[in-house]
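J.: Attaching a single structure in structure tokens format; questions to follow.
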Amino acid sequence: MTAAPTLPTDQQALAEEIYRLMVAQGALFAVDTPIRQTLANLAAFLARREGRDRAELEAVIDAALSADSRFTREVVDGEVRFVTSRQGAYVPRDDTDTHSFKQRLHEPEHPLPIDDISVVVSTSRPAITTVEPVYISDYWQMQLAAAPVESEAQAVAAPEAPAPVVEPVSEEAPAAPVAAPAPVVEEAAPEPAPVALEMPAPAPVVEEPAPPVAPAPRPVQPPRSTVFTLSDGTAIDLRRPVDEIMAEHGELLAQVLAERLEHDPLQRIVRFGRKYYPEGSLASFGKNDLRKIRDYILERNEPLLDTEIIADLYYHNPRQADYEGFRFSLNYRLHREKDFEFVGVEGAYLWATRGLAITSGKRVKAAEMGQITSYLVEGYDDSPELQSIEAIRQSGNVTRLLTFFEWEYGVLPLDAGLAALLPPPLLPDQRSAVLRFESPQHYTTYLVEVRFPAGNRGGWLQGLEEFFHEHLVPGALITIARTGEPNLFHITYEEGPEQSERLLTFDEKKNRLAFANVSFYCVVDEDQLPTQSRYGRLNRLKAFPMGERRKAELMLEHVSEIIGDQVGTPAEPRYAVTLDDLYVAFNVLRPGSRAYLKALLERGEDFSADESTPGLYYYAPAPRASTEEVEEEEEELPEERPPLRQRYSSRYDEDE
Amino acid sequence: RLWTDTDLVRHYLEILSKAVREENE
């Protein structure tokens with residue numbers, strides 16, 4: 001690599017020696033890195049080593065190195081320096097990039113003028129996918145700007161349909177513009193009748209020839225009514241304070257507006273529950289979002305609050321300005337998805353998903369339970385007689401006795417008393433709500449599903465089976481009370497000393513009722529406690545399949561026959577039974593109120609009331625048909641009765 | 001016009017009342 005300079009031998013040797021010296025100094029440099037040394041330093045070093053005169057040596061070195069092509073001479077601030085490198089003569093590195101692809105990619109040949117960088121590129125990265133704005137062409141923007149602006153008062157007075165010309169009431173047609181009356185406002189009449197009703201026969205507007213007069217300095221507005229009427233004739237005077245109008249007509253106006261927004265073909269304002277939000281401002285949720293939410297609900301294995309979903313999956317802070325809008329968007333989107341079911345109430349928006357078992361135990365199918373509790377919607381709900389609705393609303397709690405059926409299956413019929421205590425459904429098509437029942441006596445919590453009544457189906461609560469079996473017996477008095485949270489309730493009972501009784505139990509494996517020794521620690525109503533000593537024949541009741549138990553008349557006949565006292569003959573049996581005993585026994589097989597039982601007894605052909613003893617009834621079953629006749633009837637039955645799905649609404653089909 | 005629940009109705013009534021008031025003045 002080193003050059004071979006043609007120099008006098010002594011100069012050549014000197015240059016070679018200095019080159020080796022400088023390369024030794026820069027031994028660790030890169031091969032093309034410059035190695036610099038001043039002439040003074042070189043002369044001083046060699047003068048000391050060889051004992052020669054320094055000034056003379058400087059001249060010799062300068063001549064030798066200047067003639068050698070491996071060295072470059074440079075003068076900095078009057079000082080002579082020589083530069084070389086490990087590869088010989090120093091050549092400055094050329095960093096010029098000969099590739100132009102990057103430049104051609106990023107720099108357009110004819111760039112468009114921009115006012116704001118955010119027009120060209122997004123300067124922020126959104127956390128979630130967002131709806132791209134829809135740009136409207138300049139043509140339509142100009143059309144919009146040219147459109148006449150409609151004032152509010154006009155919008156009200158002349159809304160959608162072309163309005164007929166209405167003359168001012170009790171005013172004569174003005175003869176000339178200058179004579180037109182000043183703007184007047186109707187005096188508030190004691191009963192503000194709709195203006196249109198006060199009109200005389202419709203008179204055409206006649207323009208009289210105006211006499212020549214000086215033009216009025218300011219155009220005078222025709223008088224305008226401030227009383228408006230709704231479609232049902234309700235008059236509203238807009239001069240009254242808004243608070244007064246809201247107090248008197250707020251609900252009606254809200255109903256009119258809600259209908260209007262619902263039927264808006266563009267759906268510009270959308271609704272969830274009682275809240276409204278612009279459709280264009282909704283945050284977007286894609287399929288991945290929905291799958292993520294569904295997986296999370298299944299992972300947690302219980303319905304989740306919307307706020308939990310947002311906090312855990314989207315890390316959205318409630319203090320963020322767009323939090324409520326994002327929350328509305330989530331609820332609105334999930335409500336439109338068939339994989340999600342809203343099971344919340346006002347103040348606690350809970351979401352369940354397909355495949356999530358909300359409450360344990362599927363012992364009673366929803367379709368059957370809806371029919372069993374249908375007596376509640378048929379007018380046989382006597383719960384307000386025990387505790388008035390007003391008292392329940394004021395006290396915030398409801399107290400009731402447990403029947404055997406309720407205790408066994410952990411189910412409570414949703415009667416008027418419970419409905420007054422529990423929150424109503426938030427959405428019009430809401431099927432169920434999930435509440436949390438807390439036992440302050442045992443520090444346990446239960447998820448309770450409330451199934452709302454629908455059509456001819458009754459409602460009920462389910463999910464308390466474990467609590468009932470662990471702490472209570474049939475006949476116990478329970479109290480359900482509201483708490484500060486809309487979906488949290490307390491369930492309590494009165495504790496008592498230990499008692500042991502032989503009580504009715506249901507052996508599910510053998511599918512039969514039996515008496516067993518049970519110890520319990522709660523206060524009970526002795527009349528409702530199904531003990532062997534008092535209701536010794538209850539274990540003879542047949543544990544019908546749930547589908548059969550829907551037939552209340554059949555159950556009543558069976559119960560009367562089992563627990564009634566035989567007062568007839570074997571050929572013509574006749575059973576005497578009291579209403580109180582019937583109530584206890586009937587509620588072993590299925591729920592039923594006393595009012596319902598009375599109605600069944602009154603319309604049952606084989607039942608008769610004892611006129612001397614109130615509450616005592618006789619059951620005299622009709623002579624049984626022969627076996628052949630029964631078989632014939634059974635053969636005809638399938639032809640007469642339509643299939644189950646045709647007989648009942650499809651609401652609970654998926655539960656069957 | 002429906003502007004950040006009955007709140008929508010109230011807001012619109014306020015707009016109308018204001019328009020009526022201004023016209024009377």
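The values are calculated or read from the model by the stated rules, or taken from the named source; none is laboratory data. Because the structure is predicted, anything quoted here is derived from the model rather than measured. As a convention, Cβ positions derive from the backbone with ideal geometry for all residues, glycine included, and neighbour counts pool all protein chains shown.
To keep it simple, each residue is scored yes or no on (1) closer than 30 Å to A:GLN528 by Cα; (2) modelled with pLDDT of 55 or more; (3) under 46 Å from the mean Cα position of the chain (by Cα).
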site	(1), (2), (3)
A:ARG594	yes, yes, yes
A:LEU597	yes, yes, yes
A:GLU605	yes, yes, no
A:PRO614	yes, yes, no
A:GLU629	no, no, no
A:SER649	no, no, yes
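J.: Tally the residues that are basic (Lys, Arg), under 26 Å from A:VAL473 (Cβ atoms) and more than 22 Å from the chain's Cα centre (by Cα), restricting the search to the range A:398-457. Write out each step before concluding.
T.: Taking the range A:398-457 as the starting set, the residues that turn out to be basic (Lys, Arg) are A:400, A:431, A:436, A:451, A:457.
Now drop any that are not under 26 Å from A:VAL473 (Cβ atoms), which leaves A:400, A:436, A:451.
Add one more test, that the residue is more than 22 Å from the chain's Cα centre (by Cα), and what stays is A:400.
Counting residues in the range A:398-457 that are basic (Lys, Arg), under 26 Å from A:VAL473 (Cβ atoms) and more than 22 Å from the chain's Cα centre (by Cα) gives 1.
J.: Do we find a residue being over 28 Å from A:SER560 (Cα atoms), aromatic (Phe, Trp, Tyr) and surrounded by fewer than 19 Cβ atoms within 10 Å (Cβ to Cβ) anywhere in the range A:459-472?
T.: The answer is no; no qualifying residue exists.
J.: Same structure, new question: Does the range A:395-408 include one or more residues that are within 16 Å of A:VAL345 (Cα to Cα) and not in a strand (DSSP E or B)?
T.: Just the residues of the range A:395-408 that are within 16 Å of A:VAL345 (Cα to Cα), to begin with: none.
No: the range A:395-408 contains no residue that is within 16 Å of A:VAL345 (Cα to Cα) and not in a strand (DSSP E or B).
J.: If you don't mind, there's one more thing I want to ask. Quick one: A:LEU350 ticks every box in (1) surrounded by 22 or more Cβ atoms within 10 Å (Cβ to Cβ); (2) touching a Lys or Arg at 6+ places or on another chain (Cβ under 9 Å); (3) over 27 Å from A:GLU495 (Cα atoms) bar one, so which box is it?
T.: All conditions pass for A:LEU350, except number (2).
J.: Consider A:ASN511 against the criteria (1) surrounded by 14 or more Cβ atoms within 10 Å (Cβ to Cβ); (2) closer than 17 Å to A:VAL364 by Cβ; (3) out of contact with any Phe, Trp or Tyr (no Cβ under 9 Å at 6 or more places or on another chain): it satisfies all of them except one. Which criterion is unmet?
T.: So the condition that A:ASN511 fails would be (1).
J.: Let me ask something else. Can you tell me how many residues in the range A:428-452 are touching a helix residue (DSSP H, G or I) at 6+ places or on another chain (Cβ under 7 Å), over 21 Å from A:VAL523 (Cα atoms) and either surrounded by fewer than 22 Cβ atoms within 10 Å (Cβ to Cβ) or not basic (Lys, Arg) (or both)?
T.: Matching residues across the range A:428-452 total 1.
J.: Identify, please: which residue in chain B is in a loop (DSSP other than H, G, I, E, B) and among the hydrophobic types (A, V, I, L, M, F, W, C) and is, among those, farthest from the other protein chains (Cβ to nearest Cβ)? Before you say what the answer is, go through the steps one by one.
T.: Initially, chain B is screened for residues in a loop (DSSP other than H, G, I, E, B), giving B:1-6, B:25.
Filter again for among the hydrophobic types (A, V, I, L, M, F, W, C), leaving B:2-3.
On the way: B:LEU2: 6, B:TRP3: 10 Å.
Applying the filter and picking the extreme gives B:TRP3.
J.: Given the criterion under 30 Å from B:LYS18 (Cβ atoms) and either acidic (Asp, Glu) or at pLDDT below 90 (or both), identify the matching residue among A:ALA235, A:ALA258, A:ALA214, A:ALA247. Let's see the steps before the verdict.
T.: Working: A:ALA258 fails: either acidic (Asp, Glu) or at pLDDT below 90 (or both); A:ALA214 fails: under 30 Å from B:LYS18 (Cβ atoms); A:ALA247 fails: either acidic (Asp, Glu) or at pLDDT below 90 (or both).
After applying the criteria, what remains is A:ALA235.
J.: Could you list all residues from the range A:248-290 that are in a loop (DSSP other than H, G, I, E, B), away from chain B (no Cβ under 12 Å), under 22 Å from the mean Cα position of the chain (by Cα) and loosely packed, with under 15 Cβ neighbours inside 10 Å? Give the derivation first.
T.: Of the range A:248-290, the ones in a loop (DSSP other than H, G, I, E, B) are A:263-268, A:273-274, A:282-286.
Within this subset, residues satisfying the condition of being away from chain B (no Cβ under 12 Å) are A:263, A:265-267, A:282-286.
Restricting the remaining residues to those that are under 22 Å from the mean Cα position of the chain (by Cα) gives A:267, A:282-286.
Of everything in the range A:248-290, those that are in a loop (DSSP other than H, G, I, E, B), away from chain B (no Cβ under 12 Å), under 22 Å from the mean Cα position of the chain (by Cα) and loosely packed, with under 15 Cβ neighbours inside 10 Å turn out to be A:GLN267, A:SER284, A:GLY286.
J.: Could you check the range A:448-566 for helices (runs of 4 or more DSSP H) lying wholly inside it with 3 or more residues that are among the β-branched types (Val, Ile, Thr)? Reasoning before the result, please.
T.: Values: elements: A:465-471, A:546-549, A:552-563.
Correct list: A:552-563.
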